[in-house]
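Read the structure below first, then the notes.
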Amino acid sequence: QLKEILKASIAGGVWKSNDLIPSENELASDYNLAVGTVKKALAELAREGFIVRRKGKGTFVARPDFGRSFLRFFRFDLSESNGGIVPVSKVLFADVAKPSPRAREVLRLSAGEKALQIKRLRACNDVPLMFENIFLPESIFAGLERIDISHELLYPLYDSQFNTPIIWADEFLEPRLATPEAAEHLGINPGDPVIFVERIAYTFEDKPVEFRASFGRGDRFRYHIELR
């Protein structure tokens, strides 16, 4: 119960990223619990990535390390020499729009609820790699369409500007043929092979806050996952 209470406090913004949370003794006193119970709750939160314990300093709300996690979210063939390069984004469309039926379903939007839609092209070294169609709940991300995201990673922006960190994501990959729109932006022919990537990204309490449907060039796609 204490673990869920503390998670709710983080999700509700009572404690934000990098904030120092109360000590074990303070939490034990506040909730009338044994210190051992508090230790177990904090250990679970640390294991799940919600907090980080720094020796001699205390326990802090974890902040996503987007530098380390970047390649988990961009699965195209970046050579080792370019591994630190953030793909350039060319924004093709950004405005409030009617969500697609799939986006409405995934984001759990009501019948009349609008979404923020972003279409953009990702490229490295002037080579187009991925055409993305992104839907976000307008109620959470109002104003994002006015921010220049050409050289920004979206997930740190969600966190810093809208207090909505991405905690985890479901991603589905399948081979498809390029649509005329995707082919035009990727510099390939309609019907050429592409990798279709559908991603649903979640914030606290497993709330879906981003639906992303992307077409990637099949000739540049290279998937890698390490199993241990």
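Taking the 1.4 Å solvent-accessible surface of the chain as the whole, the part contributed by carbon and sulfur is 49%. Each Lys or Arg adds one and each Asp or Glu subtracts one; over the other residues with Cβ under 12 Å from the Cβ of Thr59, this totals +2.
Rounded to the nearest 0.05, the FRET efficiency derived from the C-beta distance between Ser17 and Asn189 at R0 = 35 Å is 0.20. Of interest is the spacing of the C-alpha centroids, which for region 123-161 and region 1-23 amounts to 27 Å.
For the residue pairs Lys7/Lys40; Lys40/Lys207; Lys16/Lys207; Lys7/Lys114, the alpha carbons lie more than 21 Å apart in Lys40/Lys207; Lys7/Lys114.
Annotation: amide H-H contacts under 5 Å for Arg63 (H modelled 1.01 Å from N, sequence separation of 5 or more, or interchain): Asn18.
Note on the chain: dipole from Cβ charges, positive end direction compared against Ala213, Ala97, Thr203; the farthest Cα belongs to Thr203. Largest first, the extents of the alpha carbon coordinates of region 115-228 on the three principal axes equal 41, 39, 25 Å. Convex hull of alpha carbon positions in the chain: directionally averaged projected area 15.0 nm². Kirkwood Rh over Cα pairs of region 141-186 into Stokes-Einstein at 37 °C, 0.692 mPa s: D in µm²/s? Approximately 244 µm²/s, per Stokes-Einstein. Each helix, a run of at least 4 DSSP H residues, gives -39500 (n - 2.57); summed and divided by the residues of the chain, these come to -7000 deg cm²/dmol at 222 nm. Other residues with beta-carbon under 13 Å from the beta-carbon of Phe204 carry, at +1 per Lys or Arg and -1 per Asp or Glu, a net charge of -2.
The values are calculated or read from the model by the stated rules, or taken from the named source; none is laboratory data. Source: prediction; values computed, not measured. Reconstructed Cβ throughout: ideal geometry from the backbone, glycine too, with neighbour counts over all protein chains shown. Calculation scope for accessible area: heavy atoms of the full protein, side chains included, ligands and nucleic acids excluded. Shrake-Rupley method; radii C 1.70, N 1.55, O 1.52, S 1.80 Å.
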